[in-house]
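Report on one structure; see the data block that follows.
No value in this document is a laboratory result; all are computed from the given coordinates. This is a predicted model, so every value here is computed, not measured. Note that each Cβ is placed from the backbone with ideal geometry, even for glycine, and that neighbours are counted across all protein chains shown.
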Amino acid sequence: MKNINFLIVGKPNSGKSTFYNTLNDKYLSPTGPESGLTKDIFKNEVSILDTNFIFFDTPGLRRKNKIDDKDEIKLTYNVIKLIDKIDVVFLLVDATKNLTKQDLKIAEIVIKRKKILFIVFNKIDLIDDLNKFQKEKKYYFLESYSPSNTINLKFISALSIDNIERILKTVIRACRVKSTKISTPKLNNFVRDMLKSQKFPKINKIEVKPKYMVQTDDDYPRFKIFINTSKKVPQSYKRFYENILRKKFSLIGVPVQLDFISAKNPYIKKN
Ligand SMILES: Nc1nc2c(ncn2[C@@H]2O[C@H](COP(=O)(O)OP(=O)(O)OP(=O)(O)O)[C@@H](O)[C@H]2O)c(=O)[nH]1
Ligand SMILES: [Mg+2]
């Protein structure tokens, strides 16, 4: 049976422990209206949908400059360290409050570690116009948030989830997508099709064109793309290429990395 390590993080009072208890279908982690209630990391295993889920509840993460307690600093450190051992992170955000820099900072940490990230707006039962709310958040993440292809968005009410299995199925699917392996011939057909149909951005009047590509054996979709120039590839080109690749191979909601390597000049010139 496959293990999925599933971590719940977020600011204090966002509803992490409530969600954790709902996932476990047991009152394991105390919840309440006061902020900073959870003072330890909780862990529990549940086998469901042919998968062994290991759920973790964590203390709320506050901004560094707001913490002056040694224990809280240590706990924060332990939560961040735990992310390395995790498969999936649910970042809970209180839907009745504004999305803050701290929420985005936590997201950034998870994205850097190449983990599957769900940004989860919780307490949607308290939102008056839910349609409008969802539209606004989706628009924000699609239009103004550059790693939008990397993340998954969810809207829940941790107090009353009627279908936990539906959420867990999305998680299992995301793990499957993250372990996608694409064969070298398929990747190079993709390169050939691109060369036929796309115009490529130029650096110093030279079109930056892919020549061939391979997938590495990392635990997430990572590719080496050999290109026709030894010039530094601009960020915009990387994004352009990544978007086409993600669409073509349905790599949405998972981390992806492209490493551009010059196929023109494999030797670095020494001065
Ligand atoms: N209306 C509503 N209230 C919620 C929901 N989820 C949690 N709450 C309430 O929000 C408060 C905080 O919930 P907790 O689960 O303790 O929050 P937490 O993120 O674990 O908080 P810390 O451990 O302090 O970081 C409690 O009063 C919950 O009953 C929800 O979906 N809807
Ligand atoms: Mg808690």
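Kindly flag which residue pairs out of LYS43/LYS132; LYS112/LYS231; LYS39/LYS169; LYS85/LYS137; LYS74/LYS115; LYS135/LYS247 have an alpha-carbon separation exceeding 32 Å in this structure.
Where the Cα-Cα span goes over 32 Å, the pairs concerned are LYS43/LYS132.
Quick one: work out the % antiparallel among DSSP beta bridges in the chain, nearest 5. Counting only bridges with both partners in the chain, antiparallel ones make up about 35 percent.
Length available on full extension from SER148 to GLN235: 0.36 nm per residue minus the Cα-Cα distance, which gives 29.8 nm. Label positions at ASN78 and SER197, each projected 7 Å from the Cα along the C-beta direction, are separated by 5.2 nm.
Enter the Cα centre distance for the pair segment 1-65 and segment 76-91, rounded to the nearest angstrom. Going from one Cα centre to the other spans 11 Å. Can you bin segment 120-215 into rounded, prolate or oblate? Criterion: square roots of the alpha carbon gyration tensor eigenvalues sorted a ≥ b ≥ c, rounded for a/c under 1.5, prolate for a/b above b/c, oblate for the rest. Here segment 120-215 falls in the oblate category. Computed from label points 7 Å out along Cα-Cβ, the spacing between LYS2 and ASN131 is 3.6 nm. Of all stretches in the chain that contain no trypsin sites (Lys or Arg not before Pro) in a DSSP loop with at most 16 other Cβ atoms within 10 Å, the longest one is 114-180. For the options ASP128, ASP219, ASP87, a Gaussian network treatment of the chain with springs between C-alpha atoms closer than 10 Å singles out ASP128 as fluctuating the most.
Mind pulling the angle between the C-alpha long axis of helix 164-178 and the longest principal axis of the chain? Nearest 10 degrees, somewhere in 0 to 90. The helix 164-178 is inclined about 20 degrees to the chain. To the nearest ten degrees, helix 70-82 and the longest principal axis of the Cα atoms of the chain are 50 degrees apart. Roughly how tilted is helix 101-112, in degrees to the nearest 10 and between 0 and 90, from the longest Cα axis of the chain? That helix lies at roughly 50 degrees to the long axis. Label separation (ASN98 vs THR180): 3.6 nm, computed from points 7 Å beyond Cα along the C-beta direction.
What FRET efficiency would be calculated for the residue pair ILE261, TYR139, taking the C-beta separation as r and a Förster radius of 35 Å, to the nearest 0.05?
0.45
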